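Colleague: The structure under discussion is supplied below as structure tokens; questions concerning it will follow.
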């Protein structure tokens with residue numbers, strides 16, 4: 001069941017691009033950019049993912065799943081908002097998209113597939129966090 005939920009959430013990340021085929025008077029991408037929704041959910045996702053890493057490292061078994069699921073949810077939301085808002089800039093921001101997508105998939109694997117505390121869970125969590133930080137670093141460098 002967890003694998004099915006994971007697959008559905010990953011699929012939902014790409015549904016917004018299908019919905020963008022019919023442009024209407026209300027521009028969702030302009031709304032997201034104007035209100036900086038992608039930026040703020042990104043900040044929240046970074047905070048939640050960092051908290052998940054810290055609580056995992058400290059072996060806080062009752063807190064770690066809460067922060068980790070929150071991080072995965074926020075990262076999935078952030079990815080969907082980014083796809084909607086910045087789909088026209090795919091050729092310019094593709095490294096950011098690739099790194100962030102890898103982080104989302106890694107956190108999803110940790111949330112729904114890998115056993116908590118296993119070596120694979122720890123390695124995937126660390127790689128996903130590094131990928132997310134690298135995605136943010138790319139945006140900082142390109143906009144410097």
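The values are calculated or read from the model by the stated rules, or taken from the named source; none is laboratory data. None of the values given here were measured: they were computed from a predicted structure. Cβ sites come from the backbone with ideal geometry, for glycine too, and all protein chains shown count toward neighbours.
For every residue, the table says whether it meets (1) within 12 Å of the chain's Cα centre (by Cα); (2) over 16 Å from residue 55 (Cβ atoms); (3) at pLDDT below 90.
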position: 71; (1), (2), (3): yes, no, no
position: 77; (1), (2), (3): yes, yes, no
position: 81; (1), (2), (3): yes, yes, no
position: 87; (1), (2), (3): no, yes, yes
position: 94; (1), (2), (3): no, yes, no
position: 97; (1), (2), (3): yes, yes, no
position: 108; (1), (2), (3): yes, yes, no
position: 117; (1), (2), (3): no, no, yes
position: 127; (1), (2), (3): no, yes, no
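Colleague: Does the range 97-119 contain at least one residue that is free of Cβ contacts under 8 Å to residues at least 24 places away in the same chain, touching a helix residue (DSSP H, G or I) at 6+ places or on another chain (Cβ under 6 Å) and surrounded by 15 or more Cβ atoms within 10 Å (Cβ to Cβ)?
Modeller: yes
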